[in-house]
Amino acid sequence: MKSYQTRQTVNQVRFNNGLTWAWSALFLLLSIQWQPVSLKMPLFYMFIAQFVFSILHQTLLKSVSVKGYHSEKKNKKVKLLSIILLFGIFSGNIFTFISGLVTLKKSKSTAFIYSIYMVLVDVLVISVTAMNVFKPFVAESFLTIMYVLISLLLFHSFILVFGDKWHGWHNNIKRIVLVLLALSSLIGNVLTLFVAVSLYKEGIAGQKGKRKTSIREKLVRNQAALLGLLFITFLITISVTSNFSFSQSFSESNNYNIILQEPSLIYPFGTDNFGRDVFSRIIFGAQISLSVGLLSTVIPLMIGGTLGAISAYYGSRTDNIIMRLLDVLYAIPGMLLAITIVAAFGASTTNLIIALSLGAIPSYARTMRANVLQVVNYEYVEAAHALGQGNWWIIRKHVVPNALAPMIVRATLTIGIAVISTSSLSYLGLGVEAHVPEWGNILRIGSKYLETNPYLAIYPGLAIILLVLSFNFLGDGIRDANDPHVN
Amino acid sequence: MVSKKNWIDRWTDNIQYHYKKAYQNKSWRMGLFIFGMLFQLIIFISYLIRQKKSGEKNIRDKMEKQFNESGRAEALRSQLENQEKQKIKFLNLNVSSSQNQRRVEKLYKEESNREISERVEAYYENDETGAQSYLQTTLDWLSTTGGLVLSLFLAWPMYLFLIVVSLPSLHYLIQRLLMMFFVIIGVTVIVFTLLYFSPSDPATNILGNQATPEQVENFRQLHGLNDSYFVQLGETIKGIFTFDLGNAYAGNERVVTTILRRFPITLKITLYALGLSVAVALPAGIYAAVKTNTTFDQLFMLIALLGISIPSFWQGLIFILTFSINLGWLPATYSSTNAMSLIMPTVVLGTGLMASVARMTRSSTLEVINEDYILTARAKGLSEAKVILRHAVPNALIPIITIIGLQFGGMLGGASVTEKVFSINGIGSYIVDKQFIPDIPSVMAGVIYIAIVLSIVNVFVDLLYSFLDPRIRSRVKNG
């Protein structure tokens with residue numbers, strides 16, 4: 001009989017195995033030039049490296065899935081393979097890195113899993129920021145930021161390696177480490193907060209071996225959700241650090257000497273019709289996409305949630321009035337409402353956020369209403385009434401916290417829709433102002449050069465898809481973690 | 001002759017029964033009064049005459065007097081006072097005596113009112129007194145042939161109302177249609193208000209800065225821009241229902257004519273996309289649910305997730321790049337003479353719906369498959385195909401229809417993007433083009449008419465529910 005932990009390990013390795021093979025297949029496809037048929041050599045060497053790692057990974061999967069394997073027992077072959085696979089990260093393969101770490105460590109606490117992704121975010125950010133080295137010049141604070149990032153990487157790696165010795169540390173050291181971790185989230189790497197919370201919770205006496213019930217703990221089982229979280233955190237971090245590490249002049253000032261250049265090391269995604277570096281523009285565009293997406297999710301979440309809660313809690317006439325009014329708003333498709341608002345008040349980021357928020361209010365209100373209707377019937381609400389507590393107090397303390405989980409799931413899943421709507425409107429010329437590097441705007445320019453320079457349209461589109469896909473993976477993961485049927 | 005009388009009798013009985021039932025509901029009672037105004041007036045007069053005759057002018061006053069005199073009032077008050085005192089003592093509350101007095105007074109009023117009403121009711125019920133309530137007077141009138149004919153003559157709207165109220169499904173339909181009507185008016189108000197408070201001046205937008213004051217004034221006169229907010233709003237609402245919204249600002253064309261010309265192609269693409277996505281997603285989703293956790297399932301769900309994550313304009317561009325520019329199989333832009341040019345827009349528009357329907361189908365089928373009645377069906381020895389197709393799928397259909405109804409709106413809204421990518425002259429691209437001017441009446445009409453189409457679709461989906469789900473059907477029947 002295999003232990004639960006062994007089973008989890010095998011599942012993770014199997015998941016990574018598929019991704020590793022897909023990753024190497026991607027490089028093979030990229031390395032082939034179709035017309036005329038030939039091979040792009042640097043990419044083909046990359047493919048060979050990936051291929052070797054994939055085969056090694058396959059061997060690891062094989063030796064892990066045999067009957068006699070237990071993740072708790074020492075296994076020389078697995079250990080050796082894991083250590084080799086760790087080096088996959090230098091070839092750009094994060095999946096072998098994850099598998100290697102997972103099979104190397106005996107105890108896999110929540111904090112450990114999150115630390116893996118925390119370190120991966122650091123690695124990704126450093127490698128993307130390092131692309132600036134090839135540019136003619138770099139931003140003033142580039143070096144400082146690089147030092148900060150590398151020292152954070154070292155600190156986080158230390159946590160990753162020695163985090164399981166946490167229980168043996170002195171209390172003061174624990175405190176200092178927690179504070180440092182929390183502080184390091186300031187550059188945008190929110191996963192450090194997850195690690196800090198997990199470490200703190202594990203440190204509390206009596207927590208060990210307890211059933212894992214919170215969403216944070218259950219999410220660890222779902223690797224797709226974690227990968228989504230990885231990409232989102234990476235984008236948040238890069239949008240915070242890019243303000244200091246990327247030079248704005250490449251993304252915003254026109255340079256007619258270098259218009260419409262092919263992708264190269266200096267301009268990884270080429271340049272557009274004004275000679276602006278598309279790579280830098282996409283990096284800066286992450287700020288807009290993320291902030292518009294988050295804001296136009298949080299605002300309707302608050303307003304719609306409040307309206308839904310009030311409407312369900314008070315019922316009868318209040319309910320009728322609020323819901324009928326929202327029905328009217330619901331009858332206008334979000335996209336058309338946004339177009340109407342833009343037609344009336346002009347295209348700008350603020351108007352865009354207002355328009356998207358307004359359109360999303362009814363669906364949040366409906367979700368919240370349904371949840372609250374369910375919660376209101378529970379005994380603890382009746383008990384609170386019997387104790388003479390006021391309506392507001394009951395709503396705040398008993399009803400809303402217990403009705404919030406489906407709202408969070410819904411919010412995570414709709415951030416993706418908000419991101420798509422933002423870029424769609426920008427593509428139509430109705431969203432963010434045209435000069436702002438926003439993904440939809442970049443794509444709009446790219447669509448004009450589809451025949452001659454298709455990469456101008458492809459890369460920003462890929463960025464949008466990856467972001468939306470990440471939010472959807474994360475949302476699905478949170479939903480599953482929250483669903484009693486699945487657990 | 002006898003049988004005919006029976007027939008009439010049955011009908012009068014029926015009418016009386018439904019009238020009584022409708023009368024008991026407060027809002028329906030209002031309807032009866034309003035729709036049968038003339039007839040009700042006659043009855044009211046006869047009711048007053050009868051009251052005078054029987055000398056029971058104010059039964060309620062009498063009952064109240066009786067209530068007070070019988071000592072019941074005192075008893076009730078002291079009982080309530082006692083109750084409050086007990087409560088305060090038990091909960092250790094700090095309540096001043098005046099506050100307490102007020103509360104007792106309030107409770108007393110409620111209780112005494114209820115009891116007096118009960119007494120009045122009982123008085124009417126008692127045949128010996130000969131007094132009649134208003135309802136009984138009406139029913140008396142209706143039981144005579146003359147009264148019936150008179151009521152039919154004077155109050156036929158009331159009978160229509162009665163029919164609607166007494167047939168649950170018709171009642172539901174009318175209710176739904178009424179709601180739709182109000183939603184349409186609400187949508188008009190919102191869209192109009194948003195555009196009305198636009199800071200830009202349409203006259204200078206259209207005519208340019210060089211326009212003379214006379215020209216501007218003329219323009220404003222022509223489009224009724226000098227009227228007050230409410231007049232303009234009223235004109236718009238009227239225009240929406242009479243299909244006459246005046247001329248567009250730019251280009252001397254009637255707004256509604258243009259919209260009607262542009263609508264068919266959008267509807268065509270949307271419906272094709274709907275058909276395509278249901279045809280692909282439903283079988284695939286069911287198959288994925290039956291073969292849970294197989295490679296097909298996982299791969300298919302990954303593709304579906306990709307499908308909801310892909311922005312349609314990017315998908316359209318990639319399609320054009322691959323199939324038109326690189327491979328040269330399909331035309332990149334739409335032309336009405338070439339049916340092949342519809343393929344790409346349909347697929348692009350349908351992708352989102354396809355993906356969400358597939359996900360929904362899989363999850364709802366999975367939920368149903370674990371129910372007991374599926375086990376029963378298997379135990380009966382039915383074939384797997386029959387178990388799935390006859391027992392699982394119909395029960396899994398409800399949430400799927402919900403998601404289709406919801407996504408249809410998104411599709412009509414999203415059509416503007418797809419239309420722009422493939423340069424189709426549909427309603428979506430019309431709205432987008434006109435908002436750049438900005439041509440207010442055109443944008444408004446486009447948005448409102450799409451919302452109306454959506455509302456109709458929603459009513460249709462709701463009716464489909466009650467048709468498909470026996471639980472909803474029974475809820476409709478029971479009001």
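We did not get these values from a lab; they are worked out from the coordinates using the rules stated. Treat the numbers as computed from the prediction; the structure is a model and nothing was measured. Here the Cβ positions follow ideal geometry from the backbone for every residue, glycine too, while neighbour counts run over all protein chains shown.
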Please list 3J(HN,Hα) in residue order for segment B:291-301, calculated via the Karplus relation 6.51 cos²θ - 1.76 cosθ + 1.60 where θ = phi - 60°; whole Hz, with x for glycine and proline. 9, 4, 6, 8, 4, 4, 4, 5, 5, 5, 5
Interchain or sequence-distant (5+) residues whose placed amide H lies within less than 5 Å of the amide H of A:Ile32 are A:Lys40
Within chain A, what's the longest run with no GluC sites (Glu not before Pro) in a DSSP loop and at most 14 other beta-carbon atoms within 10 Å? Give the range, please. A:141-432
Taking a straight Cα-to-Cα line shorter than 17 Å from A:Lys201, and setting aside same-chain aspartates and glutamates fewer than 8 residues away, one finds A:Asp164, A:Glu217
Using +1 on the beta carbon of Lys and Arg, -1 on that of Asp and Glu, and nothing else charged, what's the dipole of segment A:241-385 about the Cα centre, debye to 20? 260
For segment B:255-436: lysine pairs under 23 Å (alpha-carbon distance), excluding those fewer than 8 apart on one chain: 5
Using only Cα atoms, locate the centre of segment B:132-153 and the centre of segment A:354-385, then give the distance between them in Å, rounded to an integer. 48
What list do you get for B:Ile437, A:Ile55, A:Ile173 if you sort them by fewest beta carbons within 10 Å? A:Ile173, A:Ile55, B:Ile437
Dipole of chain A (Lys/Arg Cβ +1, Asp/Glu Cβ -1, origin at the Cα centre): which of A:Gly168, A:Val468, A:Phe269 lies farthest to the positive side? A:Gly168
Give, in nm to one decimal, the length gained when the segment between B:Glu371 and B:Ser169 is fully stretched (0.36 nm per residue of separation minus the Cα-Cα distance). 69.7 nm
Determine the dipole magnitude for segment B:130-274: charges of +1 sit on the beta-carbon of Lys and Arg, -1 on that of Asp and Glu, nothing else is charged, the reference point is the Cα centre, and the result goes in debye to the nearest 20. 560
Please identify the trypsin sites (Lys or Arg not before Pro) of segment B:373-457 that satisfy two criteria: DSSP loop assignment and at most 11 other Cβ atoms within 10 Å. Which are they? B:Lys380
Add +1 for every Lys or Arg and -1 for every Asp or Glu among the other residues with Cβ under 11 Å from the Cβ of A:Asp476, and state the total. 0
Please state the shape class of chain A: rounded when a/c is under 1.5, otherwise prolate if a/b exceeds b/c and oblate if not, all from the C-alpha gyration tensor. oblate
As an exercise, identify the GluC sites (Glu not before Pro) in segment B:215-259 lying in DSSP coil whose Cβ has no more than 16 other Cβ atoms within 10 Å. B:Glu253
Let me check against my output: what whole-number percent is the relative contact order of segment B:2-155, with C-alpha pairs under 8 Å and at least 6 apart? 38
Cα gyration tensor shape for segment A:197-350, rounded if a/c is under 1.5, else prolate or oblate: oblate
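With 10 angstrom as the radius, rank A:Thr6, B:Thr212 by how many other C-beta atoms surround their C-beta, starting from the fewest.
Working: A:Thr6 17, B:Thr212 9.
So the ranking, lowest neighbour count to highest, is B:Thr212, A:Thr6.
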If neighbour count is taken as other Cβ atoms inside 10 Å, put B:Ile237, A:Ile98 in order from fewest to most. B:Ile237, A:Ile98
Once you order the gyration tensor axes a ≥ b ≥ c over the Cα atoms, which shape class does segment A:11-137 get: rounded for a/c under 1.5, otherwise prolate or oblate by comparing a/b with b/c? oblate
Among A:Leu104, A:Ser54, A:Ser3 the positive-end extreme of the charge dipole of segment A:1-106 (Cβ point charges): A:Ser3
Too long for a 28 Å Cα-Cα cut-off, among A:Lys40/A:Lys135; A:Lys76/A:Lys174; A:Lys135/A:Lys448, are A:Lys76/A:Lys174
